[in-house]
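What follows is a set of notes on a single structure, which appears directly below.
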Amino acid sequence: MERTVVRCADGHVFTAASFPMQQAERLGPGRLVRCPRCARLRSVVPVTLQKR
């Protein structure tokens, strides 16, 4: 299962399992998933990873 790095509306960065459509509701550019840091449903967007 592929993992995607995402950022929630509160700024917490975590990974979500493949960021799938069927496990989260669609809301524009983000999706609703439960943030493991604040334990609430939050709108999240994928994080662009930069190579160093």
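Values in this text are rule-based calculations from the coordinates and carry no lab data. Bear in mind the structure is a predicted one, so any value in this text is a computation, not a measurement. Cβ coordinates were reconstructed from backbone atoms using ideal geometry, including for glycine residues, and neighbour counts include every protein chain displayed.
Among 40-51, 4-15, what's the highest-first ranking by average C-beta atoms within 10 angstrom per residue?
Details: 40-51: 12.6, 4-15: 14.8.
Averaged packing, sorted descending, gives the order 4-15, 40-51.
Run the simple label-point estimate for Leu49 and Val5 please: 7 Å along Cα→C-beta, distance reported in nm. Simple spin-label model gives 0.6 nm for this pair. Extending 7 Å from the Cα toward the beta-carbon at both Phe14 and Arg40 defines two label points whose distance is 1.4 nm.
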